[in-house]
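Enquirer: Starting off with a structure, shown below.
The values are calculated or read from the model by the stated rules, or taken from the named source; none is laboratory data. Keep in mind it's a predicted model, so treat the numbers as computed, not measured. Heads up, the Cβs are rebuilt from the backbone with ideal geometry, glycines too, and the neighbour counts pull from every protein chain shown.
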């Protein structure tokens, strides 16, 4: 019989964006328990200094490991991954996965013309993490990056298709449009919620890549490789025994529950308070 590990998966983001990754993990690994921390009391991370974001990432990751005994941590925030992923991987005794490398692999695999783009927060783009990750693939692609301040705030307010966000997208995406990219990586977990607006601005021929699904596949591969998948069905819990999902927020709980349920689905039916809000 394979070894199994019924401890939960831990995941955190500055707010709601990481719910795109949570959705992908829940769909791919329905038997896994999940603990999600949305640090909405301190969002957005994007404009903050990277050393400040790294401090938040260390605090939340250690909380997930020490207080919830998670078996794996997903840094479901591009800014936090850019600021602290390597450090967390060195410090923590459990695997720590980010969303940057999985997204980049999907990006370079999807392009047809070799002209690719990445959009993200000011902190993420300014860190150079995506530029380095694309270069590390060794693929001959032309990369255009654009910072998109303001997108996160629109998503956090639930405004994903307003005239205002469309006008902002036209202005911020101008360098990407000018570069004639054929594939664009949404380098912030909030951005998939703006996919319709982004497609309207870029044109339907541009492929939008989200890192959520690729991250979920990597989670499964790591857990299977370490014999840490939950349950007893070839290392995974039977599909008719769904995992338990726990959500915590450092901001307003009712706002997180209401908007989070719209974005994620019925799994987000209760939100608890983090100890540092």
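Enquirer: Could you identify the single residue in 65, 37 that is over 15 Å from the mean Cα position of the chain (by Cα) and surrounded by 18 or more Cβ atoms within 10 Å (Cβ to Cβ)?
Expert: 65
Enquirer: Right, residue 90: at positive phi and either at pLDDT 95 or above or under 15 Å from the mean Cα position of the chain (by Cα) (or both) or not?
Expert: When the stated conditions are applied, residue 90 does not pass them.
Enquirer: Could you tell me whether region 236-253 includes any residue that is at pLDDT 95 or above, surrounded by 15 or more Cβ atoms within 10 Å (Cβ to Cβ) and part of a helix (DSSP H, G or I)?
Expert: The answer is yes; a qualifying residue exists.
Each row is one residue, and each column tells you yes or no for (1) buried (at least 21 other Cβ atoms within 10 Å of the Cβ); (2) in a loop (DSSP other than H, G, I, E, B); (3) touching a residue at least 40 places away in the same chain (Cβ under 8 Å).
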residue: 140; (1), (2), (3): no, yes, no
residue: 152; (1), (2), (3): yes, no, yes
residue: 160; (1), (2), (3): no, yes, no
residue: 169; (1), (2), (3): yes, no, no
residue: 185; (1), (2), (3): yes, no, yes
residue: 208; (1), (2), (3): no, no, no
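Enquirer: In this structure, is residue 124 in a helix (DSSP H, G or I) and assigned by TED's automatic domain parsing to the domain that holds residue 218?
Expert: no
Enquirer: For region 177-218, give me each residue that is closer than 11 Å to residue 119 by Cβ and out of contact with any helix residue (DSSP H, G or I) (no Cβ under 7 Å at 6 or more places or on another chain).
Expert: Passing the criteria: only 181.
Enquirer: Here's something else I'd like to know. Right, residue 54: under 15 Å from the mean Cα position of the chain (by Cα), in a helix (DSSP H, G or I) and either surrounded by 21 or more Cβ atoms within 10 Å (Cβ to Cβ) or modelled with pLDDT of 95 or more (or both) or not?
Expert: No, not satisfied.
Enquirer: Moving on to the next point. Given 72, 107, which one is outside the structural domain of residue 178 (by TED's automatic domain parsing) and buried (at least 17 other Cβ atoms within 10 Å of the Cβ)?
Expert: Within the list 72, 107, the selection yields 72.
Enquirer: Going through region 24-34 one residue at a time, which ones are assigned to a helix (DSSP H, G or I) and surrounded by 19 or more Cβ atoms within 10 Å (Cβ to Cβ)?
Expert: Within region 24-34, 24, 25, 26 meet the criteria.
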